[in-house]
Amino acid sequence: MDSGEFHAAVYEKVREIPPGRVTSYGHIAKLIGMPRHSRHVGQALKFLSPQTNPPVPWQRVIGASGAVSSRGPGTDGAQRQRDALEAEGVEVTTGRTGEMRVDLAQYGWFPAPAPAAARGDEEDEEEEDQAE
DNA sequence: TCTCTGACTACAA
DNA sequence: ATTGTAGCCAGAG
């Protein structure tokens, strides 16, 4: 797989993330069949242009711990990401130092990757119910 | 070719 | 909860 195809695959999966949901880099990597390329998923996203068509909801991709990454505190990416997520109804908690996190128990979206050896397509996903 | 870095993840202390 | 270490893989210098 070329890096171009890798990027394309990443964008494709990211676009499949339903609004109001978030997933992790690692899971995107799994979905495209490269579970070890979690870092390069983020790499592909930063390579993304602001005006892609169709648009890629990169803001729905966060760390596996629910932590929003976007380059150090000096960058604005994190701010844009938080704004975009809240606009979709995702609750983003912000700490004192600007640490932004999302509750994966509520907004996490982790469908099972499509196994090549599997025959029946399974559009199933864990509808985890929130429990305060 | 080697070394370092990175929008990562998982595990140990 | 926080910090450190290790594994990971591709790109840049």
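We did not get these values from a lab; they are worked out from the coordinates using the rules stated. Since the structure is predicted, the reported quantities are computational estimates derived from the model, not experimental observations. So basically every Cβ, Gly included, is an ideal-geometry build from the backbone, and we count neighbours across all protein chains shown.
Values for this structure:
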quantity	calculated
Rh by Kirkwood over Cα pairs, then Stokes-Einstein D for segment A:3-107 at 1.567 mPa s and 4 °C, µm²/s	94
Radius 15 Å from Cβ of A:Gly95, net charge of other residues (Lys, Arg +1; Asp, Glu -1)	0
Estimated inter-spin distance, A:Ala84 and A:Met34, nm [label 7 Å along Cα→Cβ]	2.1
